[in-house]
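Q: Got a structure here, written out as structure tokens. Questions coming.
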Amino acid sequence: MWCQRLAWLLRGCPGHGWPRLPRAPRPLLATPARCHPTAPASPPCAWQLHQDHLELRYGSTVMRLDFVWLRDHCRSASCYNAKTNQRSLDTASVDLDIQPQAVRVDETTLFLTWPDGHVTRYGLEWLARNSYEGQKQQVMHPRILWNADIYQQAQVPSIDCQHFLQTHQGLKEFLQNFLLYGIAFVENVPPTKEDTEILAKRVSIIRETIYGRMWYFTSDFSRGDTAYTKLALDRHTDTTYFQEPCGIQVFHCLKHEGTGGRTLLVDGFHAAEQVRLQAPELFELLAKVPLKHEYVENVGDCHNHMIGVGPVLNVYPWNNELYLIRYNNYDRAVINTVPHAVVRRWYHAHRALTAELRRPRNELWVKLKPGKALFVDNWRVLHGREAFTGYRQLCGCYLTRDDVLNTARLLGLQA
């Protein structure tokens, strides 16, 4: 997969997405293609048959629906189990040269009759939402991109711990903040690891990693990581050296006897969007070039060697929506996955993104204190800290992203 993407870069090929394979010639339908306007309706609809697909205009959406796709997604009782929401039809059994014997469209529904007499029905609204063209117009995850001023002016409220734990409304308000901004705070949390764990489990299953399940975090250098010191930490995302970086991180400061130690938060998606607007070719480079991130640890009884591979920016290919940023200069391994013809351009792109991430206006500084828990979207928001003195103890954990999003969807949120 990455070889294909790098070959794309070396060729300087225009456009987006994967190269399309040539299709074998196929026989035309018995009748020539012609446009069939339907009865007056709102939104207006028209359709046209081609040799291998149906072109359907519904409102402002023009869809090109392959006949195999139309047969495969049939929602009839014999093809789809509505109780389990699972497909019953064996996709591999569908003739790749299948063509409908009859097509009919009324104001709300598309009807297709197949050679074996089976009839497939689709609501036009369903097709508009679920076609490639419809999905390309939508975002998977609605967000509000922010810098420090935008976030502070929004006055995003923290959620009280009891409201969060005991009511669906409190949980929903928390998740709405988290989904929109990539960070969310819960106040009045008892400053113990046990209570922080209860808080985390309200949202998701806790993800156990090489750092354990719930962890204490001090400057005792008990792990082979710069984070376990009193030094300042530049902005970064965590676990870039996992094949799938952890989705959500929870921080709760249990004690700090000293100075400094403020937490830095930066919306990586906001910074990436600035690069996209100013230099789209650099954004695209960061989204296509794969890199290795590595964690090597030999401290005490902890022996680990983790390697994760992926581009700095990860986007959905159908709508170019950014969904994950993998940025950690501490853990980036030797760049040996990028050919000479591309590597210098990648450094230019990395420099552009780093400049945006380091702009003071993008930096949100927060002083964590006992009782105030912070949830961070590790696929979006970078975190860091200033140097500190004295004794500082945090606890926290990683959460499974799928379960956080599952909780949000069950509460009626788009996630």
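The values are calculated or read from the model by the stated rules, or taken from the named source; none is laboratory data. All values reported here derive from a predicted model rather than from experimental measurement. Note: ideal-geometry Cβ built from the backbone for every residue, glycine included; neighbour counts use all protein chains shown. These area figures cover heavy atoms from the full protein model, side chains too; ligands, DNA and RNA do not enter into them. Shrake-Rupley method; radii C 1.70, N 1.55, O 1.52, S 1.80 Å.
Q: How long is the gain from residue 80 to residue 193 if the chain were fully straight, where each residue apart is worth 0.36 nm and the alpha carbon distance is subtracted? Can you show the working numbers first?
A: Details: separation 113, 0.36 × 113 = 40.68 nm, distance 4.63 nm.
Difference between extended and current length: 36.1 nm.
Q: Which residues' amide hydrogens lie under 5 Å from the amide hydrogen of residue 204, considering only partners 5 or more residues apart or on another chain, with H built in the peptide plane?
A: none
Q: Okay, moving on. Measure off 7 Å from each Cα along the Cα-to-Cβ vector at residue 208 and residue 46, then give the distance between these two points in nanometres to one decimal.
A: Roughly 6.2 nm, to one decimal.
Q: Loop-only trypsin sites (Lys or Arg not before Pro) in segment 347-415, please: DSSP not H, G, I, E or B, and at most 16 other Cβ atoms within 10 Å.
A: Those satisfying the criteria are 358, 367.
Q: Let me ask you something else. How would you rank 83-92, 130-139, 158-167, highest first, on the average number of other Cβ atoms within 10 Å across their residues?
A: 158-167, 130-139, 83-92
Q: Right, another one. Report the residues of segment 102-136 in range of a label on residue 88: point 7 Å along Cα→C-beta, backbone N strictly under 20 Å from it.
A: Residues 112-123 qualify, since their backbone N sits under 20 Å from the label point.
Q: Still on this structure, please answer the following. What does the net charge come to around residue 407 if you take all other residues with beta carbon closer than 15 Å to its beta carbon, with K and R at +1 and D and E at -1?
A: Once positives and negatives cancel, what remains is +2.
Q: Based on the Kirkwood radius over alpha-carbon pairs, what is the Stokes-Einstein translational diffusion coefficient of segment 334-415 at 10 °C with 1.306 mPa s viscosity, in µm²/s?
A: 93
Q: Given a 1.4 angstrom probe, I'd like the percentage of the accessible area of the chain that is carbon and sulfur, rounded to a whole number.
A: Its accessible area is 53 percent carbon and sulfur atoms.
Q: What angle do you read, to the nearest 10 degrees and between 0 and 90, between the alpha-carbon axis of helix 340-357 and the longest principal axis of the chain?
A: 60
Q: Could you work out which residue, out of 394, 110, 353, moves most in a Gaussian network model of the chain, that is, has the largest mean-square fluctuation with Cα springs under 10 Å?
A: Ranking 394, 110, 353 by mean-square fluctuation puts 110 first.
Q: Can you tell me the length gained on complete extension of the stretch residue 125 to residue 358, counting 0.36 nm per residue apart and subtracting the Cα distance?
A: 79.4 nm
Q: Taking the 0 to 90 degree range and rounding to the nearest ten, how far is the long axis of helix 268-278 tilted relative to the main principal axis of the chain, both from C-alpha atoms?
A: With rounding to tens, the tilt is 60 degrees.
Q: With label points built 7 Å along Cα→Cβ from the Cα atoms of residue 215 and residue 307, find their separation and express it in nm.
A: Computed distance between label sites residue 215 and residue 307 equals 2.2 nm.
Q: Note down the nm distance, to one decimal, between modelled labels 7 Å out along Cα→Cβ at residue 369 and at residue 299.
A: 2.9
Q: Here is a further query. Within the set 292/367; 193/230; 292/369; 288/372; 136/288, which residue pairs have Cα atoms separated by over 27 Å?
A: On the way: 292/367 33 Å; 193/230 21 Å; 292/369 35 Å; 288/372 38 Å; 136/288 19 Å.
Where the Cα-Cα span goes over 27 Å, the pairs concerned are 292/367; 292/369; 288/372.
Q: For the chain, what is the calculated [θ] at 222 nm in deg cm²/dmol (nearest 500), taking -39500 (n - 2.57) for each run of four or more DSSP H residues and dividing by its residue count?
A: -7500 deg cm²/dmol
Q: Between residue 55 and residue 347, 0.36 nm times their residue separation minus their Cα-Cα distance comes to what?
A: 100.8 nm
Q: Separate question: Can you work out ³J(HN,Hα) from phi for every residue in segment 56-70, in order, using Karplus 6.51 cos²θ - 1.76 cosθ + 1.60 and θ = phi - 60°, giving whole Hz and x for Gly and Pro?
A: Those phi angles translate into 10, 9, 10, x, 9, 9, 9, 10, 10, 10, 5, 4, 4, 4, 5 Hz.
Q: Roll a 1.4 Å probe over the protein chains and send me the accessible area per residue for the chain in Å². Working shown, then result.
A: Values: 20660 Å² over 415 residues.
For the chain, the per-residue accessible area is 50 Å².
Q: List the residues, sorted by chain then number, that are 5 or more residues from residue 369 or on another chain and whose placed amide H is less than 5 Å from its amide H.
A: For residue 369, whose amide H was placed from the backbone, the distant partners under 5 Å are 253.
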